Amino acid sequence: MTRNIPFGRPWITDDERKAVLEVLAGDVLTHGPQGHEFEKEFAAFVGPQANCVSLSSGMASLHLSYYYLGIGPGDEVIVPAQTHIATVHAAEFVGARPVFADCDARTGNITAAAVEKLITPRTKAIGLVHFLGIPCDMDPIMEIARAKNLKVVEDCAIAIGATYRGKHVGLFGDAGCFSFYPVKHITTGDGGMYLSRHKEATEKVGKIRAFGVDRSFAQRAIPGMYDVPDLGLNYRMSDINASIGRQQIKKLPEILSRRAANFAALKAALSGLADVTIIDSVDPACRNSHYCLSAVLGGKLGPKRNDVVAALKAAGLGTSVYYPQPTPRMTYYRNKYGYDESKYPNAARISDCSIALPVGPHLNVQDMEYIGQLFSKTVKEIA
Ligand SMILES: Cc1ncc(COP(=O)(O)O)c(C=O)c1O
């Protein structure tokens, strides 16, 4: 019997539905208390050093990070060749030049060694991603950043709950950027969070996200009166979205433990499968937040990745690819900066030969056994 298993499904219950209806029953749909409360609850989850600003997306958080740090034309930002395009677009959008680093084949993360080789006198920042929830090796990266006076922007869009040597990702660099897109660990519909250890950064970013206005709705002594000391945008998260996030964050410990159990079960089910390697953390002092299980096909199977995906789809299994192309190979960047395929072999192999399998909380350990058997049978037939 064919089962239909989606790659991701937001875990929405009556808690979220009730919270949204409560906001809708009131007069304040944005600018209200829900955003602030969500910021406090998110900061409490990440750790005592965190200050947070709720935003309309993860991309908005990345964009504001570079803007706040004053990075712009003439500057270079070292970014991963293996990531979502938002990691790179954010640096490009402020006018900086992205310089692409290949990733480690086992973790998909950039390394200090790869970063070091790309540093020039124009380098101003490192924009890293904690790939699939696997923390980057932060100690050597931060050492280089300190030695070369570089800013660090951590893309934590799919890494909420991930820790490196006991500290939550996003707390190492100058900014941590989170996403609440529907298939992420938690969702607000669409949404994001900017996080910084520095209160002055969150105060300023909090103003830039709302047109650069000097005082919030509640702080206006005379309604409608304000001044604008800064350039800004409208990147606010509405109270409707924030009310969903506040319910979701309560479920986060359960979501993370279900993902961890599912990942372990699926990894075990696939162990020993010829020509299949699993992207995972290699450092026992890191806690992976298990966004998905990405299986990289090798040998004769590698070029047959799309056939495997098609067969899994026909059998009802939803999969994805993280990420579909090395970022410098995407048309915009290839046209602008050229593409030298010899520079990004690991990123290209992950893009061209991997399949992301679901481990989300909509599934359980028995489902993982089923997915493991289906995947194993499919690759053996296609090999
Ligand atoms: C690594 C990474 N960074 C940034 C983003 C962008 O986040 P958002 O969709 O919230 O703008 C995504 C995915 O959506 C992502 O996977």
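Tell me the residue from VAL79, VAL53 that is within 16 Å of the ligand (Cβ to nearest atom), more than 15 Å from the chain's Cα centre (by Cα) and modelled with pLDDT of 95 or more, please.
Values: VAL79 fails: more than 15 Å from the chain's Cα centre (by Cα).
Of the residues listed, the single one that is within 16 Å of the ligand (Cβ to nearest atom), more than 15 Å from the chain's Cα centre (by Cα) and modelled with pLDDT of 95 or more is VAL53.
Evaluate the following for ILE350: is it within 16 Å of the ligand (Cβ to nearest atom), surrounded by 14 or more Cβ atoms within 10 Å (Cβ to Cβ) and over 23 Å from ILE255 (Cα atoms)?
For ILE350, the condition - within 16 Å of the ligand (Cβ to nearest atom), surrounded by 14 or more Cβ atoms within 10 Å (Cβ to Cβ) and over 23 Å from ILE255 (Cα atoms) - is met.
Tally time: how many residues in the range 333-342 are assigned to a helix (DSSP H, G or I) and buried (at least 16 other Cβ atoms within 10 Å of the Cβ)?
Selection size over the range 333-342: 1.
Could you check how many residues of the range 353-376 are surrounded by 14 or more Cβ atoms within 10 Å (Cβ to Cβ) and not in a helix (DSSP H, G or I)?
Within the range 353-376, residues that are surrounded by 14 or more Cβ atoms within 10 Å (Cβ to Cβ) and not in a helix (DSSP H, G or I) number 10.
Residue check, ALA101 against (1) touching a Leu at 6+ places or on another chain (Cβ under 7 Å); (2) under 20 Å from VAL169 (Cβ atoms); (3) touching a residue at least 40 places away in the same chain (Cβ under 8 Å), all met but one. Which one?
For ALA101, the exception is condition (3).
Could you please find all residues in the range 282-324 being of a type in the set (Asp, Glu) and part of a loop (DSSP other than H, G, I, E, B)?
The answer is ASP283, and nothing else.
Which of the residues belonging to the range 154-168 are within 11 Å of the ligand (Cβ to nearest atom) and touching a Cys at 6+ places or on another chain (Cβ under 9 Å)?
Scanning the range 154-168 gives GLU154, ASP155, CYS156, ALA157, ILE158.
When you go through (1) of a type in the set (Phe, Trp, Tyr); (2) more than 19 Å from LEU252 (Cα to Cα); (3) within 12 Å of the ligand (Cβ to nearest atom) one by one for TYR194, which number turns out not to apply?
Among (1) of a type in the set (Phe, Trp, Tyr); (2) more than 19 Å from LEU252 (Cα to Cα); (3) within 12 Å of the ligand (Cβ to nearest atom), TYR194 violates only (2).
Which is crowded, with 16+ Cβ neighbours inside 10 Å, in the same structural domain as ILE355 (by TED's automatic domain parsing) and in contact with a helix residue (DSSP H, G or I) (Cβ under 9 Å, 6 or more places away or on another chain), of ARG236, ARG259, ARG209?
Within the list ARG236, ARG259, ARG209, the selection yields ARG259.
If I filter the range 10-17 for residues that are within 16 Å of the ligand (Cβ to nearest atom) and under 22 Å from the mean Cα position of the chain (by Cα), do I get at least one hit? Write out each step before concluding.
Of all residues in the range 10-17, those within 16 Å of the ligand (Cβ to nearest atom) come to 10.
Right, trim to under 22 Å from the mean Cα position of the chain (by Cα) and you get 10.
Yes.
The values are calculated or read from the model by the stated rules, or taken from the named source; none is laboratory data. Just so you know, these numbers come straight off a predicted model, no measurement behind them. Glycine also receives a Cβ, built like all others from the backbone with ideal geometry; neighbour counts cover every protein chain displayed.
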